[in-house]
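Inspection log for the structure reproduced underneath, given as structure tokens.
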Amino acid sequence: MSRLSIPELYEKYESNEPLTMLTAYDAPIAGQVDTSGIDMILVGDSAGDNHLGYDSTLPVTLEEALSLTAAVNRTVENAMLISDLPFLSYGTSIEESVKNAGRFLKEAGADAVKLETAPYGETTIEIIDRLTELGIPVQGHIGLTPQRMNQIGGGYVQGRGHDTSVTLEAIVDTATQLEEAGVFSIVLEAVTEETGKQVTEAVDVPTIGIGSGRYVDGQVLVITDVLGLGGDSLKLSKQYANLDSIIEEAVKTYTKEVREGTFPARENVYDPIDKSD
């Protein structure tokens, strides 16, 4: 079975089938996500604070992102694989942006890349136009853009039109510009539900929401939030499991058995004569 293609994604979109996307940062988790029937897997720069131990997405390097993508690529067979371009791996020049984006397809096995775009972000829109012209599929990302967190000042909901939040109109206008530049879909992060609804109505490409309400074409969440793995649950998310408690209990039991001498047991050791092991 081959991975979900953009035309197949559009068949789902045109049939009003809600689209599904989750992040993944390593082969074992990606394999589990892939077998679930998910449409898209995103190797997000959210790996920075959810996988690599950084405080934000900003420190994630190009080489780290490529390595994580390659690991996920080795196990994903069905879902479309999309990779974030890390902070400052694009935008310094068209040439450098194209070169770095291309590496995700040529070297790491991604099917597409995702770029964050500031409101009316002319530079990024120009880059997206060039990438799509060259055959590199691009997913847009507007609303709250974590790579601009130092400029924004925090994780503020967007679309409200005050000091920490751009206007609904600016987000809608930027979405239409991204569509014109050739994106095949747009991630909307942390915007008001009305903003998500109006963007979805304004463009003819799928909108994928994260904290953007019910009136979008699909949803994406960070896998560690979904699994309850290392971190507090966010309002925009939903915890579907509690792996923290499961892992804690497993490690405590292992430690106890080692200290008590009950692990390894007879069934865990190799016999010097038996060649069937």
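Derivation of every value follows stated rules applied to the coordinates shown; laboratory data play no part. What you see is a predicted model; the values in this text were computed from it and never measured. Reconstructed Cβ throughout: ideal geometry from the backbone, glycine too, with neighbour counts over all protein chains shown.
Each Cα pair under 8 Å and six or more residues apart adds its sequence gap; the mean of these over the residue count of the chain is a relative contact order of 14 percent. Think of region 65-176 as a dipole: +1 on every Lys or Arg Cβ, -1 on every Asp or Glu Cβ, centred on the Cα centre; then among Ser67, Ile136, Thr174, Ser67 lies furthest on the positive end. Between the listed residues Asn268, Met21, Val226, the Cα displaced farthest toward the positive end of the dipole of the chain, a dipole computed from Cβ unit charges relative to the Cα centre, is found at Asn268. The charge dipole of region 6-241, taken about the Cα centre with unit charges on the Cβ atoms of Lys, Arg (+1) and Asp, Glu (-1), comes to about 460 debye, rounded to the nearest 20. Here the contact order of region 1-126, divided by its residue count and restricted to Cα pairs under 8 Å and six or more residues apart, works out to 24 percent.
For the options Ala24, Ala118, Ala250, a Gaussian network treatment of the chain with springs between C-alpha atoms closer than 10 Å singles out Ala250 as fluctuating the most.
Using only side-chain charges placed at the Cβ, +1 for Lys and Arg and -1 for Asp and Glu, the dipole size of region 12-136 relative to its Cα centre rounds to 240 debye. Among beta bridges identified by DSSP and lying wholly in the chain, the antiparallel ones come to about 5 percent. Remark: region 175-183, residue by residue, has Karplus-estimated 3J(HN,Hα) of 4, 5, 5, 5, 4, 4, 6, x, 4 Hz, where x stands for each Gly or Pro and the curve is 6.51 cos²θ - 1.76 cosθ + 1.60 at θ = phi - 60°. As a rough footprinting exposure proxy, the listed residues Tyr254, Tyr156 were ranked by other beta carbons within 10 Å of their own, and the order from fewest upward is Tyr254, Tyr156. Dipole of region 6-241 computed with +1 at Lys/Arg Cβ and -1 at Asp/Glu Cβ about the Cα centre; of Val216, Ile127, Leu52, farthest Cα towards the positive end is Leu52. Cross-linked pairs Lys12/Lys235; Lys106/Lys238; Lys99/Lys238; Lys12/Lys238; Lys12/Lys106; Lys12/Lys114: Cα-Cα separations exceed 32 Å for Lys106/Lys238; Lys99/Lys238. Phi angles across region 38-43 convert, under the Karplus curve 6.51 cos²θ - 1.76 cosθ + 1.60 with θ = phi - 60°, into 3J(HN,Hα) values of 4, 7, 9, 10, 10, 8 Hz, Gly and Pro given as x.
Ranked by the mean number of other Cβ atoms within 10 Å of their residues, highest first, the peptides 181-194, 47-60, 30-43 fall in the order 181-194, 30-43, 47-60.
When peptides 219-227, 125-133, 160-168 are sorted by average Cβ neighbour count within 10 Å, with the highest value leading, the order is 219-227, 125-133, 160-168. Inter-label distance, Asn242 to Asp173: 4.8 nm, where each label sits 7 Å from its Cα along the C-beta direction. Taking a straight line from the alpha carbon of Lys256, these aspartates and glutamates sit under 16 Å away, with near neighbours fewer than eight places off in the same chain left out: Glu248. Here are several values of Kirkwood radius over Cα pairs in Å: [x] 19.1; [y] 20.4; [z] 19.9. Which one was derived from the coordinates shown? Identified label for the calculated read-out: [z].
Build a GNM of the chain with springs between Cα atoms under 10 Å apart, and of Glu11, Glu267, Glu95 the one that fluctuates most is Glu267.
Of the residues Tyr215, Tyr120, Tyr240, which exhibits the maximal mean-square fluctuation in a Gaussian network model of the chain defined by a 10 Å Cα contact cut-off? Of the options given, Tyr240 has the highest mean-square fluctuation. Measure nothing but the geometry: give the 0 to 90° angle between the long axis through the Cα atoms of 243-260 and the longest principal axis through the Cα atoms of the chain, rounded to 10°. Orientation of helix 243-260: about 20 degrees from the principal axis.
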